[in-house]
Amino acid sequence: MDVFHIVSNPFSGGAVNPVEIFSSDGPRRFFYRADGTPVTPGNFLASGGAVRQKPDIAAGDGVSTSVPGFAPFFGTSAAAPHAAAIAALLKSYNPSLTTAQLGKY
């Protein structure tokens, strides 16, 4: 990771805890909506699409485990269970929450 990203990226933990190279740290340009329709039909260049300034969801990574070779454990496979657990806790608190509403917390 270059110094520019470490200093200027609001999702970076700095030199001690830099953004992972596989992170969706933002800003990121996207060209298709969730339903598959293009944001800017025919324009898939740097001037097209739309920019998201942040990830829609984030979760813990670099977690401790008791599995040899996976301590600490990094990546999406480590973060996904944490995100799911948070969603499950919210759903258990308020069972009427929809998926869309859970995404707003």
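The values are calculated or read from the model by the stated rules, or taken from the named source; none is laboratory data. Quantities reported herein were computed from a predicted structural model and do not represent experimental measurements. Here the Cβ is made from the backbone with ideal geometry for all residues, glycine too, and neighbour counts use every protein chain on show. Remember, those area values only see protein heavy atoms, side chains included, never the ligands or the DNA or RNA. Shrake-Rupley method; radii C 1.70, N 1.55, O 1.52, S 1.80 Å.
May I ask you to verify whether Phe44 is open to solvent by 80 Å² or more (accessible area, probe 1.4 Å) and modelled with pLDDT under 80? Judged against the criteria, Phe44 is not a match. In segment 45-97, the residue that is nearest to Pro27 (Cα to Cα) out of those that are of a type in the set (Val, Ile, Thr) and touching a strand residue (DSSP E or B) at 6+ places or on another chain (Cβ under 9 Å) is Val51. Scanning segment 82-95 for residues that are without any contact (Cβ under 8 Å) to a residue 12 or more places away in the chain, part of a helix (DSSP H, G or I) and open to solvent by less than 90 Å² (accessible area, probe 1.4 Å) yields Ala84, Ala85, Ala88, Lys91, Ser92. Within the set Pro55, Pro68, the sole residue that is part of a loop (DSSP other than H, G, I, E, B), modelled with pLDDT under 90, surrounded by 13 or more Cβ atoms within 10 Å (Cβ to Cβ) and at negative phi turns out to be Pro55.
Restrict the check to segment 6-29 and report whether at least one residue is at pLDDT below 85, part of a helix (DSSP H, G or I) and open to solvent by less than 90 Å² (accessible area, probe 1.4 Å). Yes: one or more hits.
Being modelled with pLDDT of 90 or more, farther than 29 Å from Tyr32 by Cβ and more than 19 Å from the chain's Cα centre (by Cα): is that true of Ser92 here?
On the way: modelled with pLDDT of 90 or more: yes; farther than 29 Å from Tyr32 by Cβ: yes; more than 19 Å from the chain's Cα centre (by Cα): yes.
It is true that Ser92 is modelled with pLDDT of 90 or more, farther than 29 Å from Tyr32 by Cβ and more than 19 Å from the chain's Cα centre (by Cα).
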